[in-house]
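Peer 1: For reference, the structure I am asking about is given below.
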Amino acid sequence: MALPRNPTFPLSLLLLLVFLLSATSAQQQQEEEFTEELLMKPLPDRKVLAHFHFQSEAPLAADESSFARHHHLFPKSISQLVQKYHIKAMELSFTQGRWNYERWGGFDSISSHNAKPPGVELWAVFDVPLHQVDASWKNLTHSLSGLFCASINFLESSTSYSDPEWAFQSALGSLRYGTLPREAVCTENLTPWLKLLPCRDKAGLSSLMDRPSIYKSFYHSQQLHLTMSTDPSDGSRSGIILEQTLTVVLQPNDQKAGMSHLSKTKIQPSWSLSSIFGRKISGRCVLAKLSNVYLHAERSLVNQLENLQKNTVKFAANDTGLEDFRRNAGFELSVTPERVHAELEKSSSILYEYPIKEYTDTEQFDLGLTWVHPIVWSSPHAPLYASRFLMGSGNERGAIAISLKSTEMTQGLVAAYNVEERCKLQVNVLQIVPWYVKVYYHTLQLLVDERPQALTDFVEIMRVSPSEDKVSPGVMELVLQFPCEMKSAVLSIEFDKGFLHIDEYPPDANQGFDIPSAIISFPDFHAGLQFSDKSQSKSPLLSKLQERSPVLSYTEVLLVPLTTPDFSMPYNVITITCTVFALYFGSLLNVLRRRVGEEERLLKNKDANKTVFFRRELAKLSAKLRGRPLELTLPCPSSSSSSSSFVSPKLILRVLLVAGIAVVWQYYSQ
C-alpha cells in the first residue's frame, strides 16, 4: 500500500535542516570567545606602562586532523599550526629595547611574563615522539617566519636552538628554545599580529595602537602565547587559548609638569590616552565578550598616597576608607571608575576598572591622570638584581660574568615567604652560548660577598651540554642556593674565541657577535596580585595578574668581537686578476689582428694617389693656360698584388712569446 504524498513534507525537512545548522553554528559561535583589556600603570621614572591583553578561545575539533574547519573568532592560521605540528604550548615575542628592572620593577606579573629579551624569542612544546621534535621545530619556524614576516626561519639551524630542562620543568624532553637577539622589530611584524584579532585595529582597544607612538617608545614587546585548555573531569585537552599581549613603556609630554613650591621634587607628567596614543576609544569591538580598561596603582604608590592623604586636612577630615581613593590628594582622574579593587593585604595595590561597552563615536572614552602633588615611590624588585658583562681584552680569550646583587626589598621578601628554615635563596641560571664561543666549564668560579667560594657549597645541581662546532650551542643550567644575608655574588667562566669560515660571517661582522640573554629565575618567590572579589576570574587579564608564577628576569645581550678577515682582499684579488687577463687577451688580440706590412703598403698607395692627383690637376691647369689639349702620361701606382705574405717569422715569434707568458702565469697562479 503506497503512502499518500504530502507536499509540505520536503519543506518541513528543509526548515528542520536549516534550524539544525543554525543551532550548530550558534553553539559553535558561543563556544568561541574573545576578550580585550588594557592596563595602564604610572611608573616611578615619569613614564607610563600600557599593557594590551587580547584572549581568544576555541574548542578543539572532533577530528583534529581536519584543516577545513571554519572559525568565527579564533584565527584559523593558528588553529592549523596547532593541528599540523601538534603544539602543546608556544610563546613568540618580538621586543625592541630592554626592560629596566631597577626602575620599572621585577617582582610583578608584567615583568615576569612580559619583560622579554631584545629581538625574537621562541619556545614551543610538542606532543610528538622525541625523534620528531626537531623536524616539527624546523617546520614551525618556517611557518611562523612567513606568517609574521620575520627571520624566524634562521632558528631552524641546530646551532640556533637548544632544549633546556629546568627553565621549563613542565615540558621535559619535548621543548625547544631559540632566540635571535639582532632581529629588528617593525610594523611588518605588528600588522600580521593585528590581523589575528577579530576587529583588527579598526575598532575596540586595538584602535589605540598608533604606529609612531608605539615605535618611539622606550620599550615595546608584542607576544603570542598559546596554551591548551583541559577538561576538569578527565584532564584531556578541550580547547585552544591564544593570548596576544602588547607591552609598551611611553614617555608622556611633560610640558605641563612644573616644580612644586614645597619641595624640589618635580611633579610627574600628567597624561591621557589621547595625549599618549593620539586618539581616543570610540567603543568596544562588537565581537568581544569583555572590554575593560584598568588603571593600576602599585603598593608603594598607594602607601605614599595614604601618607599624603593623612597629612592633607581636606581628606583627613572625611576619611572613609578605600572608596576615597577615587578621590585622593596625589592625583585626579578624568573619568570616575565604576569599580575599585584592592588586594587582601593591608598595604595593597589599587586597581580602577572602566568598562567601555557603553562608549560610542559620539561619546568617546579618554582616561586621563593629572598629578596634584609630587610623589616619589619605587617599584617592587626581584630578590636579586641580575646583570651580565664581559671581561678580558683582545681577540683570543675572554670571560663571561653574571653579577647578582641583593635589592633593598630582599630581606622583607625573604621574611614574608620564608620557604626554608635555614633561609636559603634558590636561584636558577640558564646560559646559552653560540658554538664559536669556546667555553671552558671547568673554569667556573664563584665569588660571594667579594670572596672566592667553593662551587660545591652553593651549586646544588649543574647540567652542562658542551657546544659542538657548527652543530649545536653550549648550554649551562645551574641551581644555586645562597644564604639570605648575602649581599652580592659573581659567577664567571672563561672562553676562547673561535674562527669562522668566510662564508659564515654576517654582513656586519665588524659589529660583533651576540650572546643571547641569560635567564635568571627564583622558583621560591611568586609574583601575583590577590584580589578579594571572586568575580575577577571572569577577566582573563586579572586572572593572569593573580597567577602565582615564579619571578623571572633576563640579563643583557652581550656583544663579542671576533677575529674577522680583511674582507677587501677578495675584491683586490678579483681586481688584479681581471686586470692581468685584460692585458693578456688585449695584447694577444692586438697581435693577431694587426697587419703591419699591408698597413705600410696602404699608406704608400694613399700617398702615391695624392701625388698623382696633384700632378693631374697641375697638368690640366697648364694645358688651359697654353691653350693645348691635355696629354698626360703618369705612372700608375703599384698594384697591391705584389704584397708580401701575411705570415712572417716575426709575427709567429710574438704569438709564441705571449702564449708562453700565459702558460707560466696559469701554472704559478694555481
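The values are calculated or read from the model by the stated rules, or taken from the named source; none is laboratory data. The structure displayed is predicted, hence computed values, not measured ones. Cβ sites come from the backbone with ideal geometry, for glycine too, and all protein chains shown count toward neighbours. Just the protein is used for accessible areas: all its heavy atoms, side chains included, with ligands, DNA and RNA removed. Shrake-Rupley method; radii C 1.70, N 1.55, O 1.52, S 1.80 Å.
Peer 1: Can you find even one residue in the range 598-610 that is more than 30 Å from residue 653 (Cα to Cα), of a type in the set (S, T, N, Q) and either open to solvent by less than 80 Å² (accessible area, probe 1.4 Å) or at pLDDT 70 or above (or both)?
Peer 2: Yes - at least one qualifying residue is present in the range 598-610.
Peer 1: Determine which single condition residue 513 fails, assuming it passes every other condition in (1) surrounded by fewer than 19 Cβ atoms within 10 Å (Cβ to Cβ); (2) under 19 Å from residue 159 (Cβ atoms); (3) at pLDDT 90 or above.
Peer 2: (1)
Peer 1: If you check 77, 136, which single one turns out to be surrounded by fewer than 21 Cβ atoms within 10 Å (Cβ to Cβ), closer than 23 Å to residue 188 by Cβ and touching a residue at least 24 places away in the same chain (Cβ under 8 Å)?
Peer 2: Details: 136 fails: closer than 23 Å to residue 188 by Cβ.
Every option except 77 fails the conditions.
Peer 1: Further question on the same structure: Give the residue, chosen from 130, 155, 122, 92, that is open to solvent by 10 Å² or more (accessible area, probe 1.4 Å) and among the aliphatic types (A, V, I, L, M). Steps first, please.
Peer 2: On the way: 155 fails: open to solvent by 10 Å² or more (accessible area, probe 1.4 Å); 122 fails: open to solvent by 10 Å² or more (accessible area, probe 1.4 Å); 92 fails: open to solvent by 10 Å² or more (accessible area, probe 1.4 Å).
So the residue among 130, 155, 122, 92 that is open to solvent by 10 Å² or more (accessible area, probe 1.4 Å) and among the aliphatic types (A, V, I, L, M) is 130.
Peer 1: Failed condition for residue 183, given (1) assigned to a helix (DSSP H, G or I); (2) within 29 Å of residue 508 (Cβ to Cβ); (3) not hydroxyl-bearing (Ser, Thr, Tyr), with all others met?
Peer 2: Here residue 183 clears every test but (1).
Peer 1: For residues in the range 352-384 being touching a Pro at 6+ places or on another chain (Cβ under 9 Å) and part of a strand (DSSP E or B), which is surrounded by the fewest Cβ atoms within 10 Å (Cβ to Cβ)?
Peer 2: If we take residues in the range 352-384 being touching a Pro at 6+ places or on another chain (Cβ under 9 Å) and part of a strand (DSSP E or B), then 353 is surrounded by the fewest Cβ atoms within 10 Å (Cβ to Cβ).
Peer 1: What number goes with the only condition from (1) open to solvent by 40 Å² or more (accessible area, probe 1.4 Å); (2) not polar (S, T, N, Q); (3) not in a loop (DSSP other than H, G, I, E, B) that residue 165 does not pass?
Peer 2: (3)
Peer 1: Does residue 82 satisfy being of a type outside the set (Gly, Ala, Ser), open to solvent by less than 20 Å² (accessible area, probe 1.4 Å), part of a strand (DSSP E or B) and in contact (Cβ under 8 Å) with a residue 40 or more places away in the chain?
Peer 2: no
Peer 1: Go through (1) small (Gly, Ala, Ser); (2) surrounded by fewer than 21 Cβ atoms within 10 Å (Cβ to Cβ); (3) under 16 Å from the mean Cα position of the chain (by Cα) and name the single condition residue 115 misses.
Peer 2: Result: residue 115 fails condition (2) only.
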